[in-house]
1. Can you find, among 188, 24, 243, the residue sitting farthest towards the positive end of the charge dipole of the chain, where Lys and Arg contribute +1 and Asp and Glu -1 at Cβ?
2. Could you check the simple spin-label distance between residue 263 and residue 35, using points 7 Å along Cα→Cβ, in nm with one decimal?
3. Mind giving me the FRET efficiency for residue 48 and residue 184? R0 is 56 Å, r the Cβ-Cβ distance, nearest 0.05 is fine.
4. For a protection proxy built on the mean count of beta-carbon atoms within 10 angstrom, sort 265-271, 291-297, 210-216 highest first, please.
5. Tell me which of 116, 161, 50 sits at the most positive position along the dipole axis of region 41-324, charges placed on C-beta atoms (Lys, Arg +1; Asp, Glu -1).
6. First check a/c for region 37-192, with a ≥ b ≥ c the square roots of the eigenvalues of its C-alpha gyration tensor; if it is under 1.5, answer rounded, and if not, answer prolate when a/b is larger than b/c or oblate otherwise.
7. Apply 1/(1 + (r/R0)^6) to the Cβ-Cβ distance of residue 194 and residue 280, taking R0 = 45 Å, and write down the FRET efficiency to the nearest 0.05.
8. Given only helices, namely DSSP H runs of n ≥ 4 each adding -39500 (n - 2.57), what is the per-residue ellipticity at 222 nm of the chain, to the nearest 500 deg cm²/dmol?
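We did not get these values from a lab; they are worked out from the coordinates using the rules stated. No experiment lies behind these values; they were computed from the predicted model shown. Cβ atoms come from the backbone with ideal geometry, glycine included; neighbour counts cover every protein chain shown.
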Amino acid sequence: MNKVCVRLFSLTLFVLLISGAVIYFTVDINTLANLYVFKPWSVGLAVLAISVGLILDGTRLMHMVKISGEHITLKQSVQVVFGNYFLAMLGPGAAAGAIAQVMFLKKAGIPSGKAAVLAVVRTIVSILFLACCLPFIFLHDEGVLPGVSNDLMVVVGTLVLLVMAALVYGIRYNAADYAAVRISRRIASHRMRKNFLTIYSDSKAGIQMLAQSPASMLRVFFESGLSLIFIYMVVPCLMLGLGADVDWLTVMGRMVFLNILLYFSPTPGGSGIAEGGFVLLFSDSVPAGTVGVLAVAWRFIAEYLPFFVGLYYSVTVLGKDILNKPITQDSPQ
């Protein structure tokens, strides 16, 4: 329990320092005047949006489990989603989140092998949906990366999508096996080499599993997109409360771009990178002096509220011992 208290205290301190710094460096003389007109109903709207998004995240996991030949309830599926938020904030980002998903799925009666595959596929489908959005985002919005031409960004977005499609195809039809083995041989650390091959094997099993049910796979893909859209709607909902003139396509597009970056963030839950990226992308979209406050409010609703719900489920479903286990990639085994 002491280790967890230290982790929670360290995380809380880290979040408070980042939040304080973000607000401090973005506050100006207009901040209080603009916050004074803030409409509280927008917070309720944002909480509703994140709630719908998380429930949809749970239903898509249910459908993925069904494709694998297993079954879980919506309640169990939502617990997996919240557990992912909890451990992802305490451990090394996506790796810890995947461990949480495996733990909850095993508790729900899913075999370890399938649970690991499902955790990987859940992430792959989300990233694939976001990658499909990239070319359209760059076509619509020239301000995502200032100083970089829109044409170049469209080409980059299209290439990212094509590379992902090629990887999926190569993994699906065993064409990438040779490359995976060659890459693994170049990894000096035995532990890292083992983890790389495990992730590749799980990804391959997951892609082949989805390919066996094309109609179900398409449903999961669009359900993933709908879930992410509702989760990202937290930001425009909060903007409405500030009286901002919200360009929904631009705001949602920039949220997609930011969250693609956060998938590869080295910090727990993307802390620090998320707030900084938000300020850079949205400083011109909201009333003067409010972008830092908005960034902190977004993170609290979209990340920290699910984190505390995930803490509750982790203790009640997995038991208090989960708090004493080291959060490493070997934990689910």
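1. Among 188, 24, 243, the one farthest towards the positive end of the dipole of the chain is 188.
2. Placing both labels 7 Å along Cα→Cβ, they lie 3.5 nm apart.
3. It comes out at approximately 0.80.
4. Packing order, densest peptide first, comes out as 291-297, 265-271, 210-216.
5. Most positive-ward Cα: 116.
6. oblate
7. 0.75
8. -24500 deg cm²/dmol
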